[in-house]
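Working notes for the structure below.
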């Protein structure tokens, strides 16, 4: 006989619990409705300075739709909202996902379908046709907000400095303003001219607040160069539209402080800037011209005019002015055959001169006289092209005379003698003799003939020679192996680079520093393998000098500088880069390394 496990006093409670569970589970079945997604926009026709509000309405699930590639638009999420309704006992849920679409070019485009994917099914939305036209031409000053970009000279000489200016002007309140696309300065060496500044300006009778950014640009090649547009995104602060019957119309409650305002997204783009770069004149170009373009002055000084033989005197050269001095930090001084020359590291101090980028370059040379008497440091000159006069000019300093007296310190005198003899490839000069006698003739070997002729003596005599030959052969063999390893490392440099850059491309969508670190490591490893130096220790300047000295074109070497600066900014700067910018720099790296590999292998 089976006993009843539920006593009578518990049966009623258990029955109530089962009813409650049934009611709680009932909504789950009500939600098992048909799932579908609908796409809607607020307008189908717009201009390049406008945007489209896209709304994706999803019923039957809270899954966010997948967005296909829409290269004609830049998409920004604007959040979501949801609602649940019960009609005739039937419950339904709807989630709306909102996006802003900013057009990148004109044309007629089809967007969609957008779709839900998962659990073995794919549910697609409808498609939408959108037409984008050019913005209506209008006086920019008549607009509430606008951006402009220009250069102060659109027909410069190669390496001549021009000023690029970006201005963001607004006569109304704006919020959340940021540059979403920065211009590409391909073919230019860019240098920040000044910090971002803000000021007020009256334009056609209207008061505008202007934010201004300036860069100094140095074109590194001739021809037609284009600076791509800058794109700025912001939100305009406008009053909310209310009915005319509102009791608060015209009152203090119209102020945005009390919440009766809203923000309207706005995207602004500048026009591309075209620069036609002229080559430097061939007529009058000095021999050994170093592509120095600007307007410069040269001064110099000498630490002493009278020294002893073996002492050093410091020659200081100072070149100053606006122009591309930062990338030309070498001044050659000829006519110093009677001196041993030691170059110090140049010191460059960047300055803004007459509204342009320039600076002061200090070069020091330690000169040790090798002979006595009155020595001359000849006139020193620096050739440069002056774009203001459109001709080649020279900055000149010197000459100097130094009186060299005999050295009082004999050790110093001996040192100078040794340096001078080595320099002039004279025979070794005996400056003194040791305390013990040294036999310098063949007669010193006469007493040792009998021992050398003996077998044991002959063996002892030949042993060093045999040992030397064996060591030499071993060294040659080891050198051949080492040379083979060197050649293998250089040969495989490009192959290793392609593997590394493939791994780097996997990190494009990573928001952290990983992409920039891998990209920079790939570049450094290639340069290190090809030039047989430790790649991790290379700087942008060292790589640039190595490439230029091996005949790589200047624009390609400059691209390496740009890539290094981009990676440093991405790792340590506060501004992040967009996916498109990272893709562009990765493509530039692939093309540059391919060109370098082909050039150096030849």
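From the P(r) of region 320-369, could you give the percentage of C-alpha pairs in the tail past 18 Å?
Values: 505 of 1225 pairs.
Percent of Cα pairs beyond 18 Å in region 320-369: 41.
Using 15 Å as the cut-off for backbone N distance, which residues of region 157-182 belong to the label zone defined by a point 7 Å from the Cα of residue 548 along Cα→Cβ?
Only 159-160 pass the distance filter.
Along the Cα→Cβ direction, 7 angstrom out, place labels at residue 469 and residue 330. What is the inter-label distance in nm?
Modelled inter-label distance: 4.7 nm.
So for each of 371-384, 67-80 I average, over its residues, the number of other beta carbons within 10 Å; can you give me the resulting order with the highest mean first? Before the final figure, lay out each step's value.
Numbers: 371-384: 16.0, 67-80: 13.4.
Taking the mean over residues of other Cβ atoms within 10 Å, the ranking is 371-384, 67-80.
Please express the shape of region 364-408 as an equivalent ellipsoid: the semi-axes are the square roots of 5 times the eigenvalues of the C-alpha gyration tensor, given largest first in whole angstrom. Please list the in-between numbers first.
Numbers: eigenvalues 244, 18, 7 Å².
Those come to 35, 9, 6 Å.
Between residue 391 and residue 301, what is the spin-label point distance in nm, taking each point 7 Å from the Cα along the Cα→C-beta axis?
3.3 nm
Rounded to whole Å and ordered largest first, report the semi-axes of the equivalent ellipsoid of region 36-133 derived from its Cα gyration tensor (root of 5λ). Intermediate results must be reported in sequence, preceding the final value.
Numbers: eigenvalues 152, 42, 23 Å².
The equivalent ellipsoid of region 36-133 has semi-axes of 28, 15, 11 Å.
Among rounded, prolate and oblate, which fits region 489-601 when a ≥ b ≥ c are the square roots of the eigenvalues of its C-alpha gyration tensor, a/c under 1.5 means rounded, and a/b larger than b/c means prolate?
Details: a/c = 1.79, a/b = 1.53, b/c = 1.17.
Prolate.
How much space per residue, in cubic angstrom, does the convex hull of the C-alpha atoms of region 297-405 take up?
It is 92 Å³ per residue.
Diagonalise the Cα gyration tensor of region 140-209 and give the resulting equivalent ellipsoid semi-axes, square root of 5 times each eigenvalue, largest first, whole Å. List each step's numbers first, then the result.
Values: eigenvalues 147, 44, 24 Å².
Working through the eigenvalues yields semi-axes of 27, 15, 11 Å.
Hey, with R₀ at 56 Å, roughly what FRET efficiency would residue 379 and residue 48 work out to, going by the Cβ-Cβ distance, to 0.05? The partial results should precede the final answer.
Numbers: r = 60 Å, r/R0 = 1.07.
That gives a FRET efficiency of 0.40.
No lab work stands behind these numbers, since they all come straight from the coordinates. Everything quoted here is computed from the prediction, not taken from an experiment. Because the Cβ atoms are built from the backbone with ideal geometry, glycine has one as well, and the counts that use them run over all protein chains shown.
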